[in-house]
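Below: the structure, in structure tokens.
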Amino acid sequence: MKSIGFKLPTFIISLILLLSSCGEYGGGVASLANRNVGDNVEVQSSLDELGASNIRSICSRLRAMRMDLQTITDIESVVFNVKFGSCMSGDSVRDVVAELNANYNGTATLSVKTNQFDVPGTLLESQVQTDLNGVVADFCSAFASNSDVNAVYQNYANQGIVYSFPNTNTFIRSVVIDNSQNKVLVEKQTYIIEENSIADKNVLVERIEYQSQCANKNAKVDIQKLNEYRP
């Protein structure tokens, strides 16, 4: 009996330490970036110094990519591998050829190219992510005007939208809802600027991943990944 009485508190302490290391307690932005839909999360009130530094670098890279898009002449189309997940089973995966349209006013879009021989395809996103357009445009605008970037973060967080910037290649938009006394992650969009060197150009976000919670509590994952540029 003494042996059991000694081991039980040790087990409880170990469990608490394990949960803490997983981010269940004191989560914040860094741990939220590593969580999956359906998880209970904590949201910190502002960006930390690393997160603010990372988004500044990301905005600089997105601006450089936008400038490239406005001047590039040797890309006629782009090929994406698109996976549409399912709440049950039977994911749909296809290659989609899209035409790139970039204007000097800062907008850039993708339109699917189809003809009588093509299987019509759909893109996860047709709006090209840049510093002027896309999910981090407000952050980039704040930096450009020397405004408070944390005010942008807090404004979104008040709406249940939490941004994470774990490194200079990745930005994440998470949707969090209040469920009883917990905050639950129900949607997560991850954008990777440069996953690998698949081409000598770096003018588009290479990978976009959507995680969303299904009514049956499963998680559905959709992915749009850049395969190649075509002259």
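The values are calculated or read from the model by the stated rules, or taken from the named source; none is laboratory data. Bear in mind the structure is a predicted one, so any value in this text is a computation, not a measurement. Quick reminder, even Gly has a Cβ in these numbers, built from the backbone with ideal geometry, and neighbours come from all protein chains shown. The protein model used for the area step is the full one, side chains on, heavy atoms only, and it has no ligands, DNA or RNA in it. Shrake-Rupley method; radii C 1.70, N 1.55, O 1.52, S 1.80 Å.
Summary of values
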item	result
Some residue of region 67-77 being surrounded by 15 or more Cβ atoms within 10 Å (Cβ to Cβ), closer than 13 Å to Val128 by Cα and touching a residue at least 40 places away in the same chain (Cβ under 8 Å)	yes
Subset of region 66-86 [within 21 Å of the chain's Cα centre (by Cα) and in a helix (DSSP H, G or I)]	Arg66
Residues (touching a strand residue (DSSP E or B) at 6+ places or on another chain (Cβ under 9 Å) and free of Cβ contacts under 8 Å to residues at least 24 places away in the same chain) located in region 78-103	Asp91, Ser92, Val93, Glu99, Asn101
Set Asn216, Asn179, Asn202, Asn169: member being open to solvent by 70 Å² or more (accessible area, probe 1.4 Å) and not aliphatic (A, V, I, L, M)	Asn179
Conditions (1) among the aliphatic types (A, V, I, L, M); (2) assigned to a loop (DSSP other than H, G, I, E, B); (3) out of contact with any strand residue (DSSP E or B) (no Cβ under 8 Å at 6 or more places or on another chain); number of the one not met by Ala142	(2)
Failed condition for Ser89, given (1) within 21 Å of the chain's Cα centre (by Cα); (2) modelled with pLDDT under 85	(1)
Lone qualifier among Ala102, Ala142, Ala98 - being small (Gly, Ala, Ser), surrounded by 13 or more Cβ atoms within 10 Å (Cβ to Cβ) and modelled with pLDDT under 90	Ala102
Search result, residues across region 141-195 that are of a type in the set (Lys, Arg) and under 11 Å from the mean Cα position of the chain (by Cα)	Arg173, Lys188
Residue satisfying condition, being of a type in the set (Gly, Ala, Ser) and surrounded by 16 or more Cβ atoms within 10 Å (Cβ to Cβ), within set Ala64, Ala52	Ala52
Within region 42-65, tally of residues that are part of a loop (DSSP other than H, G, I, E, B), in contact (Cβ under 8 Å) with a residue 40 or more places away in the chain and in contact with a Gly (Cβ under 9 Å, 6 or more places away or on another chain)	2
Failed criterion for Gly90 (all others in (1) surrounded by 14 or more Cβ atoms within 10 Å (Cβ to Cβ); (2) in a loop (DSSP other than H, G, I, E, B); (3) not aliphatic (A, V, I, L, M) hold)	(1)
